[in-house]
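This report refers to the structure that appears directly beneath it.
The values are calculated or read from the model by the stated rules, or taken from the named source; none is laboratory data. Since the structure is predicted, the reported quantities are computational estimates derived from the model, not experimental observations. Virtual Cβ from ideal backbone geometry, glycine too; neighbours counted across all protein chains shown. Areas reflect the complete protein model, heavy atoms only, side chains present, ligands, DNA and RNA absent. Shrake-Rupley method; radii C 1.70, N 1.55, O 1.52, S 1.80 Å.
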Amino acid sequence: MGLPALEFSDCCLDSPHFRETLKSHEAELDKTNKFIKELIKDGKSLISALKNLSSAKRKFADSLNEFKFQCIGDAETDDEMCIARSLQEFATVLRNLEDERSRMIENASEVLITPLEKFRKEQIGAAREAKKKYDKETEKYCGILEKHLNLSSKKKESQLQEADSQVDLVRQHFYEVSLEYVFKVQEVQERKMFEFVEPLLAFLQGLFTFYHHGYELAKDFGDFKTQLTISIQNTRNRFEGTRSEVESLMKKMKENPLEHKTISPYTMEGYLYVQEKRHFGTSWVKHYCTYQRDSKQITMVPFDQKSGGKGGEDESITLKSCTRRKTDSIEKRFCFDVEAVDRPGVITMQALSEEDRRLWMEAMDGREPVYNSNKDSQNEGTAQLDSIGFSIIRKCIHAVETRGINEQGLYRIVGVNSRVQKLLSVLMDPKAASETETDICAEWEIKTVTSALKTYLRMLPGPLMMYQFQRSFIKAAKLENQETRISEIHSLVHRLPEKNRQMLQLLMNHLANVANNHKQNLMTVANLGVVFGPTLLRPQEETVAAIMDIKFQNIVIEILIENHEKIFNTVPDVPLTNAQLHLSRKKSSDSKPPSCSERPLTLFHATPSTEKQEQRKSIINSSLESVSSSANSILNSSSSLQPSMNSSDPNLDVVKPTRPNSLPPNPSPTSPLSPSWPMFSAPSSPMPTSSTSSDSSPVRPEEAVHEDSSTPFRKAKALYACKAEHDSELSFTAGTVFDHVHPSQEPGWLEGTLNGKIGLIPENYVEFL
């Protein structure tokens, strides 16, 4: 039911019915006003959304237009050309559609928003102003009328007539205002029927025009759409036909992922945990780090792989030095310290594994910590090879062999530093040391006892195997013949002072017992060598060459453990002369370019099972014995020659190969007579095992020159391409540039670095830059 009509005649009476009817009209105007206000707001939001939609579609069209398909091969089929052109066609259609939408949006503001705002302000606004005036006049009229009726009849007649005239004037003015207000209300009610609906119709007409334009574009696009659909189907059918070949290629890539590894512009990159100091303590934050050796720039990007977001701003620093963190100085494993030129303090980083830490330290030319520095330990220098020292070591060994010989990670897992220092202070007390029958209490954990033993050995004024013999032990470990290595190390051990040799014998007997239980404690001879090598045979000076010789320190300890009965209980034989060793090695190589399987050591880690390792060692020892016996027979038959280090015998010149005139068919032929040498591994070891080596041998004059002259590493360029036949060789193409190239212990081979990987390079395949 509609609103009742407002009669002008009712304005004079101003009855309650008139007032109720007027209120209903006012309520309708308020409702209309609010509706138009919301409609204008929604219309503006719609126009804004259409603008955003148009902008997004234009951006989408621009992206489609900018992308260019690159098909595989040097020619494209018609279907491939049609598919490649499709994105530009899509972009053209979208742009044409958005051009029409832009015209619609421009008109929408004029045909919808402006008329509605004008109607609300001019018409409804005018009616509201008229209402205010009507309410004011009503109040004025009622007030004067009440005042007039309260006049006393005793007043003069002239005063009463004047009051009556004034009331009549006010009544007449109120009547006129009432008529004007009623007229305006009825006018607005009638106007809204066309002035309110007409803008909405115009806006819908603009939408219809836009959609019709889209329909026309779809009709024009129909032919290309049909052609594109056929091309897509043809391409899909061809893909299904070649799917088996694609799967075969994928399997090959899975089997040999290293061959398809992307060459990185950085020397080293990967995730590291960086120790950061906070107000509540310290925390370890995961960063993706990159390092460029040429510029020494380290970039650290805080990134959480789980959330997939960055945890802060990137930071770049310039490397000053890198030092491996002592195992017993921090509870975290695989840590190293980095000092920067442009940032104060030390940055402690944690690698993801021992192998990862080794690669980072090699990339940054890292150093080993100085074990005998006074700043590392306040107690350093107080340990001695006296009765107290022997008592401490015997008590620790007794505790380990009686209570923890089968504990996993024995000597590899470190104890809490505070507990270790407390145990050492108890053991080094002269009163406690004099009580030789007192064992270490069971309250001390085995990892604390083993850490105390290692710490005491590090606290000695010098390493147990002495600084003066350190280079000799390393050179002995680099000899190619296993029996010769043992013989040289045997001789060197007996040159040690009596107390040093006794302590070393006590320790090696114990470590042999530990290795015999490797199935339970997982500490093989190789793992024990990694743990005790840097402790017993540390160098006097921190140099890059010393860091590279860490793996040879480990080998010396392995030989001592495996041959402890022979080395400590028998008198060493007189060693062969250098010339004899040189000739023996030359004959055994059979004048062939060596393959990686003939090398006495490997540069990379592996974790073979214990049974396979023992079988391999037995095969190696038998092969070495046959090679050694054949070499000795050659020496005996030609003893009259006695070649010297400066001999000009032409048979000795073949040790140093010359560059071939043409590319050899196989850059590294593998000799079937050469044994496969074992790979020394140290999984989860607290001590790093460097994979680079100075590789200097005392029996090769040309190698000795490289060692004594301290020639720095050089860069080299490949003249030919080479495909690796062993994990320790490098694959490369002609023109490849290698870093850190230096002589290898193998005749005819060099060691170098390519993309962070260290391996062997045929000497006659490169030239130095």
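Checking the structure you have, find out if any residue of the stretch 542-565 is among the basic types (K, R) and either part of a helix (DSSP H, G or I) or more than 42 Å from the chain's Cα centre (by Cα) (or both).
Yes, because at least one residue in the stretch 542-565 is among the basic types (K, R) and either part of a helix (DSSP H, G or I) or more than 42 Å from the chain's Cα centre (by Cα) (or both).
Identify the single condition in (1) open to solvent by less than 60 Å² (accessible area, probe 1.4 Å); (2) out of contact with any Ser or Thr (no Cβ under 6 Å at 6 or more places or on another chain) that E98 does not satisfy, given that it satisfies every other one.
All conditions are met except number (2).
Could you grab me the full set of residues in the stretch 116-136 that are closer than 16 Å to K184 by Cα and either touching a helix residue (DSSP H, G or I) at 6+ places or on another chain (Cβ under 8 Å) or aliphatic (A, V, I, L, M) (or both)?
Residues satisfying the conditions are F119, R120, Q123, I124, A126, A127, R128, A130, K131, K133, Y134.
Looking only at the stretch 9-52, how many residues end up being open to solvent by 90 Å² or more (accessible area, probe 1.4 Å) and either farther than 30 Å from E122 by Cα or part of a loop (DSSP other than H, G, I, E, B) (or both)?
So the answer is 1.
Here's a check for you: in the stretch 279-320, which residue that is more than 12 Å from the chain's Cα centre (by Cα) and among the acidic types (D, E) is modelled with the lowest pLDDT?
Out of the qualifying residues, it is E313.
Pairs needed: first member in the stretch 712-731, under 15 Å from G756 (Cα atoms) and open to solvent by less than 30 Å² (accessible area, probe 1.4 Å); second member anywhere, among the β-branched types (V, I, T) and in a loop (DSSP other than H, G, I, E, B); C-beta distance under 6 Å; at least 6 residues apart or different chains.
If the second residue must be among the β-branched types (V, I, T) and in a loop (DSSP other than H, G, I, E, B), the pairs left are S728/T602.
I'm trying to understand the selection: among the residues of the stretch 403-424, which are within 15 Å of E443 (Cβ to Cβ) and open to solvent by 70 Å² or more (accessible area, probe 1.4 Å)?
R403, S418, R419, K422
Are there strands (runs of 3 or more DSSP E) fully within the stretch 263-362 with at least 3 residues that are β-branched (V, I, T) and open to solvent by less than 50 Å² (accessible area, probe 1.4 Å)? List them.
Result: 297-304, 315-324.
Matching residues to (1) at pLDDT 85 or above; (2) in a loop (DSSP other than H, G, I, E, B); (3) open to solvent by 70 Å² or more (accessible area, probe 1.4 Å):
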| residue | (1), (2), (3) |
| --- | --- |
| S158 | no, no, yes |
| L179 | yes, no, no |
| Q189 | no, no, no |
| M193 | no, no, yes |
| A202 | yes, no, no |
| F208 | yes, no, yes |
| T226 | yes, no, yes |
| T229 | yes, no, yes |
| N234 | no, no, no |
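Which of the residues that make up the stretch 497-530 are outside any helix (DSSP H, G or I) and within 20 Å of K454 (Cα to Cα)?
Across the stretch 497-530, the qualifying residues are N517, L522, M523, T524.
Quick check on the stretch 110-154: of everything there that is open to solvent by less than 50 Å² (accessible area, probe 1.4 Å) and of a type in the set (S, T, N, Q), which residue is farthest from F35 (Cα to Cα)?
T138
When residues of the stretch 437-466 are filtered for being farther than 12 Å from K395 by Cβ and of a type outside the set (S, T, Y), how many remain?
Counting residues in the stretch 437-466 that are farther than 12 Å from K395 by Cβ and of a type outside the set (S, T, Y) gives 16.
Residues in the stretch 53-64: is at least one within 42 Å of the chain's Cα centre (by Cα), at pLDDT 85 or above and open to solvent by 100 Å² or more (accessible area, probe 1.4 Å)?
Yes.
Return the residue satisfying two criteria in turn: it lies in the stretch 398-430 and is more than 42 Å from the chain's Cα centre (by Cα) and of a type in the set (A, V, I, L, M, F, W, C), and of such residues it is nearest to V530 (Cα to Cα).
Selected residue: A399.
Run L479 past the list (1) open to solvent by less than 40 Å² (accessible area, probe 1.4 Å); (2) modelled with pLDDT of 90 or more; (3) closer than 16 Å to P572 by Cβ; (4) not basic (K, R) and report the number of the one that doesn't hold.
For L479, the failing item is (2).
Does F69 qualify as being open to solvent by 50 Å² or more (accessible area, probe 1.4 Å) and at pLDDT 85 or above?
It is false that F69 is open to solvent by 50 Å² or more (accessible area, probe 1.4 Å) and at pLDDT 85 or above.
Looking only at the stretch 132-151, decide whether some residue is closer than 30 Å to A56 by Cβ and either in contact (Cβ under 8 Å) with a residue 24 or more places away in the chain or not in a helix (DSSP H, G or I) (or both).
Within the stretch 132-151, not a single residue is closer than 30 Å to A56 by Cβ and either in contact (Cβ under 8 Å) with a residue 24 or more places away in the chain or not in a helix (DSSP H, G or I) (or both).
Can you name every residue in the stretch 4-55 that is under 30 Å from E106 (Cα atoms) and small (G, A, S)?
Scanning the stretch 4-55 gives G43, S45, S48, A49, S54, S55.
Among the candidates K132, K147, single out the residue that is at pLDDT 85 or above and among the charged types (D, E, K, R).
K132
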